[in-house]
1. Does A73 satisfy the criteria of being closer than 30 Å to P212 by Cα, at pLDDT 90 or above and either in contact with a strand residue (DSSP E or B) (Cβ under 8 Å, 6 or more places away or on another chain) or open to solvent by less than 40 Å² (accessible area, probe 1.4 Å) (or both)?
2. Take G269 and decide whether it is touching a residue at least 24 places away in the same chain (Cβ under 8 Å), over 21 Å from the mean Cα position of the chain (by Cα) and in a helix (DSSP H, G or I).
3. Of all residues being hydroxyl-bearing (S, T, Y), in a loop (DSSP other than H, G, I, E, B) and surrounded by fewer than 21 Cβ atoms within 10 Å (Cβ to Cβ) in region 226-257, which is modelled with the lowest pLDDT? Just the residue, please.
4. Out of (1) out of contact with any Gly (no Cβ under 9 Å at 6 or more places or on another chain); (2) open to solvent by less than 50 Å² (accessible area, probe 1.4 Å); (3) at pLDDT 85 or above; (4) part of a helix (DSSP H, G or I), what's the single condition that is false for Y175?
5. A272 passes all but one of (1) more than 19 Å from N76 (Cβ to Cβ); (2) among the small types (G, A, S); (3) surrounded by fewer than 16 Cβ atoms within 10 Å (Cβ to Cβ); which number fails?
6. Can you find a residue in region 55-68 that is within 21 Å of T166 (Cα to Cα), surrounded by 11 or more Cβ atoms within 10 Å (Cβ to Cβ) and at pLDDT 85 or above?
7. Could you list, in sequence order, all residues of region 135-157 that are closer than 16 Å to A247 by Cβ and either aromatic (F, W, Y) or touching a Pro at 6+ places or on another chain (Cβ under 7 Å) (or both)?
8. Conditions: (1) modelled with pLDDT of 85 or more; (2) under 21 Å from T217 (Cβ atoms); (3) open to solvent by 60 Å² or more (accessible area, probe 1.4 Å); (4) within 29 Å of the chain's Cα centre (by Cα). Y191 meets all but one. Number of the miss?
Amino acid sequence: MAFSHRLSRWDLKLSPYLYISPFFILFIVTGLFPIAYTAVISFMDWDMVRNTGTFIGFDQYVYVLTQPKFWIALRNTFSIFLLSSIPQLILAIFIAAMLDQNIRAKTFWRMGVLVPYVMAPVAVALIFSNMFGDQYGLVNTFLADLGIPPVKWHSDAFASHIAIATMVNFRWTGYNTLILLAAMQAIPRDYYEAASIDGASKLRQFFAITVPSLRPTLIFVIITSTIGGLQIFDEPRMYDQFGTGGADSQWLTITLYLYDIGWGQWNFGRAAALAWILFLIILAIGVINLLVTRRLVRNEGSVGR
């Protein structure tokens with residue numbers, strides 16, 4: 001009887017850990033181990049033939065950080081990230097607010113905004129790269145009809161960033177819209193009814209009720225957009241037929257530069273060092289977002305009290 005009681009207690013304590021253990025085992029094998037192994041390789045001059053390396057310390061990091069191409073890639077990455085994330089967030093909030101209204105065929109429109117997200121990134125990149133063609137692109141043809149000179153979408157750095165950011169916005173706006181829509185639907189309708197009785201307009205209700213209530217969700221969307229934006233690869237890779245970031249590195253991103261070092265130059269030590277530099281950049285921005293998150297959530301709680 002005592003053993004049965006003890007076994008029941010063990011089952012109660014250990015069962016939850018056994019249920020979630022497959023996730024952690026899979027994470028260690030496919031996530032944590034590659035990260036640690038990449039860290040080890042980043043301190044070595046790796047020999048691809050013998051699959052061994054010679055320890056050289058921080059020389060790989062110094063080499064990467066002293067390359068002008070790295071800083072160009074870093075500039076391009078942040079430029080594309082800002083051009084995509086800010087308009088994407090504003091547009092997602094606007095579309096979510098429209099879908100939150102009492103409109104016909106709600107399910108159809110909600111499913112419709114998610115269609116670009118399920119499209120293959122390569123297909124989206126190929127379509128938009130042709131649309132933003134320098135000579136025969138659809139966008140330049142439309143601009144010519146309006147009497148506007150054609151834009152050099154591939155040779156001009158800022159124009160190429162706008163084109164690539166447009167691809168990112170096309171794919172991810174619908175995804176963020178549904179997340180924000182779910183948060184909007186969780187807001188109690190009593191708040192809006194009370195505001196309507198007090199004479200508040202729809203615009204006033206949006207900025208006084210909807211936006212403050214979306215703070216935790218907005219922070220989540222901002223963090224995920226930041227991580228995804230700094231790791232952008234598919235769109236700049238497929239923006240032209242070469243996939244090298246442009247003849248003058250006009251739209252070269254950190255991930256494209258990493259791919260070129262690893263699979264173009266076959267230098268896995270430098271590629272691993274660059275991967276860890278990117279990881280540390282994302283981690284630093286993530287910590288900043290976490291601090292901002294705690295402050296905003298605390299401020300929201302104090303207002304509620």
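1. Values: closer than 30 Å to P212 by Cα: no; at pLDDT 90 or above: yes; either in contact with a strand residue (DSSP E or B) (Cβ under 8 Å, 6 or more places away or on another chain) or open to solvent by less than 40 Å² (accessible area, probe 1.4 Å) (or both): yes.
Judged against the criteria, A73 is not a match.
2. When the stated conditions are applied, G269 passes them.
3. Here the residue is T244.
4. Result: Y175 fails condition (2) only.
5. It fails just one condition, (3).
6. Residues of region 55-68 that are within 21 Å of T166 (Cα to Cα), as a first pass: none.
No, every residue in region 55-68 fails to be within 21 Å of T166 (Cα to Cα), surrounded by 11 or more Cβ atoms within 10 Å (Cβ to Cβ) and at pLDDT 85 or above.
7. W153
8. Here Y191 clears every test but (4).
The values are calculated or read from the model by the stated rules, or taken from the named source; none is laboratory data. Keep in mind that what you see is a predicted model, and the values were worked out from it rather than measured. With ideal geometry, Cβ positions are generated from the backbone for all residues, glycine too; neighbour counts draw on all protein chains shown. The area values use the complete protein model at the heavy-atom level, side chains included, leaving out ligands, DNA and RNA. Shrake-Rupley method; radii C 1.70, N 1.55, O 1.52, S 1.80 Å.
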